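One structure is given below, encoded as C-alpha coordinates.
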Amino acid sequence: MSAPPPVAGVIGWPIGHSRSPALHGHWLRRYGLPGWYVPLAVAPGALPQALAGLRALGFSGANVTLPHKEEALALADVATPRARRIGAANTLVLRDGALEADNTDGFGFLENLRAGASGWRADAGPALVLGAGGAARAVVAALIDAGAPSVRLVNRTRARADALADALGGPVETLDWAQAAAAVDGAALLVNTTSLGMQGQPPLELSLAAAAPHALATDIVYAPLVTPFLAEAAACGLRTVDGLGMLLHQARPGFEAWFGRAPEVDAALRQAVLSA
Ligand code: ATR
(Lines give C-alpha, C1' and ligand atoms only; values in the text may rest on other atoms or scores of the structure.)
Protein backbone atom coordinates (compact mmCIF):
# COMPACT_ATOMS: atom_id res chain seq x y z
CA MET A 1 0.00 0.00 0.00
CA SER A 2 1.58 3.30 -1.02
CA ALA A 3 1.51 6.32 1.30
CA PRO A 4 -1.23 8.86 0.51
CA PRO A 5 -0.14 12.31 -0.73
CA PRO A 6 0.70 14.75 2.08
CA VAL A 7 -1.99 17.17 3.24
CA ALA A 8 -1.39 20.42 5.13
CA GLY A 9 -3.41 23.58 5.70
CA VAL A 10 -3.74 26.86 7.51
CA ILE A 11 -5.73 27.12 10.74
CA GLY A 12 -7.28 30.47 11.62
CA TRP A 13 -10.49 32.40 12.29
CA PRO A 14 -11.47 33.98 9.99
CA ILE A 15 -9.47 32.18 7.29
CA GLY A 16 -11.18 33.14 4.03
CA HIS A 17 -8.70 35.91 3.24
CA SER A 18 -5.56 33.89 3.94
CA ARG A 19 -3.08 33.95 1.06
CA SER A 20 -1.36 30.78 2.27
CA PRO A 21 -3.43 28.33 0.15
CA ALA A 22 -2.48 30.27 -3.00
CA LEU A 23 1.14 30.39 -1.89
CA HIS A 24 1.56 26.67 -1.14
CA GLY A 25 -0.70 25.72 -4.04
CA HIS A 26 1.60 27.61 -6.41
CA TRP A 27 4.65 25.75 -5.11
CA LEU A 28 2.91 22.34 -5.32
CA ARG A 29 2.01 22.98 -8.97
CA ARG A 30 5.33 24.52 -9.84
CA TYR A 31 7.33 21.55 -8.54
CA GLY A 32 4.76 18.98 -9.70
CA LEU A 33 4.46 17.54 -6.21
CA PRO A 34 1.51 15.45 -5.01
CA GLY A 35 -0.34 16.93 -2.03
CA TRP A 36 -2.91 19.47 -0.89
CA TYR A 37 -2.88 22.64 1.20
CA VAL A 38 -6.29 23.76 2.43
CA PRO A 39 -7.84 26.58 4.49
CA LEU A 40 -9.13 25.34 7.85
CA ALA A 41 -11.64 27.59 9.65
CA VAL A 42 -11.23 26.82 13.34
CA ALA A 43 -13.33 28.86 15.77
CA PRO A 44 -11.86 30.25 18.98
CA GLY A 45 -11.88 27.50 21.59
CA ALA A 46 -11.84 24.67 19.07
CA LEU A 47 -8.08 24.37 18.55
CA PRO A 48 -7.61 21.23 20.73
CA GLN A 49 -10.21 19.34 18.69
CA ALA A 50 -8.77 20.71 15.44
CA LEU A 51 -5.27 19.47 16.31
CA ALA A 52 -6.66 16.06 17.28
CA GLY A 53 -8.41 16.13 13.91
CA LEU A 54 -5.14 16.81 12.09
CA ARG A 55 -3.67 13.68 13.69
CA ALA A 56 -6.74 11.56 12.97
CA LEU A 57 -6.83 12.70 9.35
CA GLY A 58 -3.15 12.04 8.78
CA PHE A 59 -2.16 15.63 8.06
CA SER A 60 1.54 16.40 7.70
CA GLY A 61 1.02 19.63 9.62
CA ALA A 62 -0.39 23.13 9.36
CA ASN A 63 0.27 26.80 9.52
CA VAL A 64 -1.44 28.64 12.35
CA THR A 65 -2.63 32.21 12.28
CA LEU A 66 -4.80 34.50 14.40
CA PRO A 67 -6.18 33.89 17.00
CA HIS A 68 -4.52 30.52 17.64
CA LYS A 69 -0.76 31.13 17.55
CA GLU A 70 -0.13 31.18 21.30
CA GLU A 71 -2.42 28.26 22.08
CA ALA A 72 -0.88 26.18 19.28
CA LEU A 73 2.49 26.48 20.99
CA ALA A 74 0.99 25.43 24.33
CA LEU A 75 -0.73 22.39 22.81
CA ALA A 76 2.28 21.08 20.85
CA ASP A 77 4.34 18.11 22.08
CA VAL A 78 7.65 19.82 21.32
CA ALA A 79 8.67 23.30 20.27
CA THR A 80 11.71 24.87 18.64
CA PRO A 81 13.71 27.34 20.75
CA ARG A 82 12.61 30.21 18.48
CA ALA A 83 8.92 29.35 18.93
CA ARG A 84 9.37 29.26 22.71
CA ARG A 85 11.24 32.56 22.63
CA ILE A 86 8.46 34.25 20.65
CA GLY A 87 5.74 32.53 22.67
CA ALA A 88 3.71 31.63 19.61
CA ALA A 89 3.71 29.08 16.78
CA ASN A 90 2.93 29.64 13.09
CA THR A 91 4.08 26.27 11.76
CA LEU A 92 3.13 22.81 13.04
CA VAL A 93 4.71 19.59 11.81
CA LEU A 94 3.39 16.13 12.67
CA ARG A 95 6.39 13.82 12.77
CA ASP A 96 6.06 10.23 13.97
CA GLY A 97 2.91 11.14 15.87
CA ALA A 98 4.47 14.11 17.68
CA LEU A 99 3.24 17.63 17.04
CA GLU A 100 6.21 20.00 16.65
CA ALA A 101 5.69 23.76 16.92
CA ASP A 102 7.93 26.25 15.17
CA ASN A 103 7.79 29.98 14.54
CA THR A 104 9.19 31.07 11.19
CA ASP A 105 8.04 34.72 11.26
CA GLY A 106 11.44 36.04 12.30
CA PHE A 107 13.15 33.84 9.72
CA GLY A 108 10.76 35.20 7.06
CA PHE A 109 11.44 38.76 8.15
CA LEU A 110 15.24 38.37 7.90
CA GLU A 111 15.20 36.37 4.66
CA ASN A 112 12.97 39.01 3.07
CA LEU A 113 15.52 41.72 3.90
CA ARG A 114 18.46 39.59 2.76
CA ALA A 115 16.73 38.81 -0.54
CA GLY A 116 15.33 42.31 -1.12
CA ALA A 117 18.30 44.44 -0.07
CA SER A 118 21.54 42.84 -1.17
CA GLY A 119 24.34 43.19 1.34
CA TRP A 120 21.98 43.99 4.20
CA ARG A 121 23.23 42.86 7.60
CA ALA A 122 21.51 43.03 10.97
CA ASP A 123 24.74 44.20 12.61
CA ALA A 124 25.00 47.29 10.38
CA GLY A 125 23.62 49.55 13.11
CA PRO A 126 20.70 50.28 15.44
CA ALA A 127 17.22 49.21 14.38
CA LEU A 128 14.06 51.21 15.03
CA VAL A 129 10.99 49.01 15.45
CA LEU A 130 7.56 50.64 15.57
CA GLY A 131 4.90 48.58 17.35
CA ALA A 132 5.01 45.97 20.10
CA GLY A 133 2.40 43.37 19.12
CA GLY A 134 2.87 39.75 18.11
CA ALA A 135 4.65 40.60 14.88
CA ALA A 136 7.06 42.96 16.66
CA ARG A 137 7.99 40.17 19.05
CA ALA A 138 9.17 37.94 16.19
CA VAL A 139 10.93 40.85 14.46
CA VAL A 140 12.78 42.07 17.56
CA ALA A 141 13.87 38.55 18.57
CA ALA A 142 15.15 37.87 15.05
CA LEU A 143 17.07 41.14 14.92
CA ILE A 144 18.76 40.54 18.27
CA ASP A 145 19.62 36.95 17.38
CA ALA A 146 21.02 38.10 14.02
CA GLY A 147 23.38 40.55 15.75
CA ALA A 148 21.64 43.93 15.73
CA PRO A 149 23.73 46.07 18.09
CA SER A 150 20.59 47.70 19.52
CA VAL A 151 16.85 47.91 18.96
CA ARG A 152 14.87 51.08 19.63
CA LEU A 153 11.35 49.89 20.36
CA VAL A 154 8.59 52.48 20.08
CA ASN A 155 4.94 51.74 20.78
CA ARG A 156 1.81 53.79 21.33
CA THR A 157 1.26 51.85 24.56
CA ARG A 158 4.67 52.14 26.17
CA ALA A 159 3.95 49.42 28.76
CA ARG A 160 3.59 46.86 25.96
CA ALA A 161 7.01 47.79 24.60
CA ASP A 162 8.51 47.51 28.10
CA ALA A 163 6.95 44.08 28.57
CA LEU A 164 8.31 42.88 25.23
CA ALA A 165 11.80 44.18 26.02
CA ASP A 166 11.72 42.46 29.43
CA ALA A 167 10.56 39.18 27.94
CA LEU A 168 13.18 39.08 25.18
CA GLY A 169 16.17 40.58 26.99
CA GLY A 170 19.09 41.86 24.94
CA PRO A 171 19.93 45.38 23.79
CA VAL A 172 16.36 46.73 23.52
CA GLU A 173 15.61 50.33 24.48
CA THR A 174 11.95 51.33 24.74
CA LEU A 175 10.70 54.79 23.91
CA ASP A 176 7.43 56.71 23.94
CA TRP A 177 5.46 57.05 20.70
CA ALA A 178 6.22 60.79 20.72
CA GLN A 179 9.94 59.95 20.50
CA ALA A 180 9.60 58.01 17.25
CA ALA A 181 10.79 60.86 15.02
CA ALA A 182 13.87 61.43 17.18
CA ALA A 183 14.63 57.70 17.18
CA VAL A 184 14.92 57.71 13.37
CA ASP A 185 18.22 59.57 13.65
CA GLY A 186 21.14 57.18 13.22
CA ALA A 187 19.03 54.06 12.74
CA ALA A 188 20.27 51.65 10.07
CA LEU A 189 16.93 49.82 9.81
CA LEU A 190 13.40 51.21 10.17
CA VAL A 191 10.57 48.71 10.63
CA ASN A 192 6.82 49.28 10.87
CA THR A 193 5.10 46.39 12.65
CA THR A 194 1.97 48.36 13.55
CA SER A 195 -1.26 48.03 11.61
CA LEU A 196 -0.99 51.68 10.54
CA GLY A 197 -0.90 52.00 6.76
CA MET A 198 -2.90 48.83 6.16
CA GLN A 199 -5.89 49.16 3.81
CA GLY A 200 -8.69 50.77 5.80
CA GLN A 201 -6.35 51.96 8.59
CA PRO A 202 -4.91 55.42 9.10
CA PRO A 203 -1.40 55.98 7.71
CA LEU A 204 1.76 55.88 9.81
CA GLU A 205 2.81 59.51 9.76
CA LEU A 206 6.48 59.75 10.55
CA SER A 207 9.10 61.96 8.95
CA LEU A 208 12.13 59.95 7.89
CA ALA A 209 14.12 63.02 6.82
CA ALA A 210 16.59 62.46 9.66
CA ALA A 211 17.36 58.88 8.60
CA ALA A 212 20.87 57.93 7.60
CA PRO A 213 21.23 57.80 3.77
CA HIS A 214 22.15 54.10 3.86
CA ALA A 215 19.18 53.19 6.08
CA LEU A 216 16.76 50.47 4.97
CA ALA A 217 13.01 50.73 5.60
CA THR A 218 10.57 47.83 5.67
CA ASP A 219 6.94 47.30 6.59
CA ILE A 220 5.18 44.13 7.64
CA VAL A 221 1.99 45.50 6.08
CA TYR A 222 1.73 44.29 2.46
CA ALA A 223 -1.75 45.49 1.49
CA PRO A 224 -1.04 47.95 -0.01
CA LEU A 225 2.45 46.92 -1.12
CA VAL A 226 3.67 50.52 -0.95
CA THR A 227 2.45 51.81 2.40
CA PRO A 228 2.61 55.52 3.28
CA PHE A 229 5.62 54.64 5.47
CA LEU A 230 7.49 53.04 2.55
CA ALA A 231 6.49 55.91 0.25
CA GLU A 232 7.96 58.38 2.75
CA ALA A 233 11.15 56.30 2.96
CA ALA A 234 11.49 56.22 -0.82
CA ALA A 235 10.87 59.98 -1.01
CA CYS A 236 13.76 60.42 1.45
CA GLY A 237 16.02 58.34 -0.81
CA LEU A 238 16.13 55.29 1.46
CA ARG A 239 16.17 51.69 0.28
CA THR A 240 12.87 49.92 0.89
CA VAL A 241 11.67 46.31 1.06
CA ASP A 242 7.93 45.66 1.08
CA GLY A 243 6.20 43.28 3.48
CA LEU A 244 4.92 40.65 1.07
CA GLY A 245 8.26 38.84 1.05
CA MET A 246 8.03 38.16 4.79
CA LEU A 247 4.83 36.20 4.17
CA LEU A 248 6.46 34.28 1.31
CA HIS A 249 9.68 33.45 3.13
CA GLN A 250 8.03 32.43 6.42
CA ALA A 251 6.24 29.71 4.44
CA ARG A 252 9.42 27.99 3.25
CA PRO A 253 10.26 25.81 6.28
CA GLY A 254 6.71 24.43 6.54
CA PHE A 255 6.50 23.60 2.84
CA GLU A 256 9.81 21.76 2.97
CA ALA A 257 8.79 19.78 6.08
CA TRP A 258 5.36 18.76 4.69
CA PHE A 259 6.06 18.27 1.00
CA GLY A 260 9.77 17.36 0.98
CA ARG A 261 11.25 20.08 -1.18
CA ALA A 262 12.89 23.39 -0.29
CA PRO A 263 10.87 25.93 -2.32
CA GLU A 264 12.03 29.20 -3.85
CA VAL A 265 10.59 32.67 -3.52
CA ASP A 266 10.53 34.41 -6.88
CA ALA A 267 8.53 36.88 -8.99
CA ALA A 268 6.07 34.22 -10.17
CA LEU A 269 5.21 33.33 -6.57
CA ARG A 270 4.72 36.99 -5.69
CA GLN A 271 2.38 37.38 -8.63
CA ALA A 272 0.42 34.23 -7.75
CA VAL A 273 -0.11 35.43 -4.19
CA LEU A 274 -0.97 39.00 -5.21
CA SER A 275 -3.58 37.89 -7.69
CA ALA A 276 -5.17 35.33 -5.33
P1 ATR B 1 0.17 42.02 15.52
O2 ATR B 1 0.09 40.74 16.27
O3 ATR B 1 -0.17 41.89 14.06
O4 ATR B 1 1.46 42.75 15.73
P5 ATR B 1 -1.32 43.54 17.47
O6 ATR B 1 -0.80 42.67 18.56
O7 ATR B 1 -2.76 43.91 17.49
O8 ATR B 1 -1.05 42.92 16.05
O9 ATR B 1 -0.44 44.88 17.44
C10 ATR B 1 -0.75 45.96 16.64
C11 ATR B 1 0.31 47.05 16.82
O12 ATR B 1 -0.12 48.21 16.10
C13 ATR B 1 0.50 47.47 18.27
O14 ATR B 1 1.84 47.86 18.47
C15 ATR B 1 -0.42 48.69 18.34
O16 ATR B 1 -0.10 49.59 19.37
P17 ATR B 1 -0.70 49.38 20.87
O18 ATR B 1 0.12 48.33 21.51
O19 ATR B 1 -0.57 50.71 21.51
O20 ATR B 1 -2.15 48.96 20.68
C21 ATR B 1 -0.17 49.31 17.00
N22 ATR B 1 -1.24 50.24 16.61
C23 ATR B 1 -2.48 49.92 16.18
N24 ATR B 1 -3.19 51.06 15.91
C25 ATR B 1 -2.36 52.11 16.18
C26 ATR B 1 -2.50 53.53 16.11
N27 ATR B 1 -3.63 54.11 15.69
N28 ATR B 1 -1.43 54.28 16.46
C29 ATR B 1 -0.27 53.71 16.88
N30 ATR B 1 -0.09 52.37 16.97
C31 ATR B 1 -1.11 51.57 16.63
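Suppose R0 equals 25 Å. What FRET efficiency, 1/(1 + (r/R0)^6) with r the Cβ-Cβ distance, do Leu274 and Ala43 give to the nearest 0.05?
Details: r = 29 Å, r/R0 = 1.15.
It comes out at approximately 0.30.
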**OP:** State whether the chain is rounded, prolate or oblate according to the following rule on the C-alpha gyration tensor (a ≥ b ≥ c being the square roots of its eigenvalues): a/c under 1.5 gives rounded; otherwise a/b larger than b/c gives prolate, and the remaining case gives oblate.
**Re:** prolate
**OP:** Give me the number: length gained by fully extending Leu175 to Ser207, i.e. 0.36 nm times residue separation minus the C-alpha to C-alpha distance, one decimal in nm.
**Re:** 9.9 nm
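For Asp145 and Arg95, FRET efficiency with R0 = 22 Å and r from the beta-carbon atoms, rounded to 0.05?
My answer for the efficiency is 0.35.
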Subject >> Per DSSP, loop GluC sites (Glu not before Pro) in the range 202-276 with at most 14 further Cβ within 10 Å >> reply: Glu205, Glu264
Original post:
Each residue of the range 16-28 in order: what ³J(HN,Hα) in whole Hz does its phi give by Karplus 6.51 cos²θ - 1.76 cosθ + 1.60, θ = phi - 60°, with x for Gly and Pro?
Top reply: x, 8, 4, 8, 4, x, 5, 5, 5, x, 4, 5, 4
**OP:** Work through the residues other than Leu99 whose Cβ is under 12 Å from its Cβ and net out their charges, Lys, Arg +1 and Asp, Glu -1.
**Re:** -2
Original post:
Quick one: Karplus J couplings for the range 182-188, per residue in order, coefficients 6.51, -1.76, 1.60, θ = phi - 60°, nearest Hz, x for Gly and Pro?
Top reply: 5, 6, 5, 4, x, 6, 8
**OP:** State the answer as a single residue: which of Leu110, Ser60, Asn155 lies farthest towards the positive end of the charge dipole of the chain, with beta carbon charges of +1 for Lys and Arg and -1 for Asp and Glu, about the Cα centre.
**Re:** Ser60
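Full extension from Thr157 to Ala115: what is 0.36 nm times the residue separation minus their Cα-Cα distance, to one decimal in nm?
11.9 nm
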Subject >> In degrees, nearest ten, helix 134-145 long axis to first principal axis of the chain (Cα) >> reply: 80 degrees
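Which whole-number value in Å² is the accessible area per residue of the chain, probe 1.4 Å? Please report the intermediate quantities before stating the final value.
Values: 12180 Å² over 276 residues.
Ligands and nucleic acids excluded, the figure is 44 Å² per residue.
May I ask for the net charge around Val265, where only other residues with Cβ less than 14 Å from the Cβ of Val265 are counted and Lys, Arg are +1 while Asp, Glu are -1?
Summing Lys/Arg as +1 and Asp/Glu as -1 gives +1.
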Subject >> In Hz, Karplus ³J(HN,Hα) per residue of the range 190-207 (6.51, -1.76, 1.60; θ = phi - 60°; x = Gly, Pro) >> reply: 10, 10, 9, 10, 7, 7, 5, x, 5, 3, x, 10, x, x, 7, 9, 8, 6
Subject >> Amide H contacts under 5 Å for Ala223, placed H, 5+ residues apart >> reply: Gln199
Subject >> Within the chain, helix-based [θ] at 222 nm, where runs of 4 or more DSSP H residues each add -39,500 (n - 2.57), nearest 500 >> reply: -11000 deg cm²/dmol
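Of the heavy-atom accessible surface of the chain (probe 1.4 angstrom), what whole percent is carbon and sulfur?
Carbon with sulfur: 55 percent of the solvent-accessible area.
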Subject >> Share, in percent, of DSSP beta bridges within the chain that are antiparallel, nearest 5 >> reply: 20 percent
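The values are calculated or read from the model by the stated rules, or taken from the named source; none is laboratory data. Note that the structure is a prediction, hence the values are computed from the model and not measured. With ideal geometry, Cβ positions are generated from the backbone for all residues, glycine too; neighbour counts draw on all protein chains shown. For the accessible areas, the whole protein counts, side chains as well, though only heavy atoms, and no ligand, DNA or RNA atoms are used. Shrake-Rupley method; radii C 1.70, N 1.55, O 1.52, S 1.80 Å.
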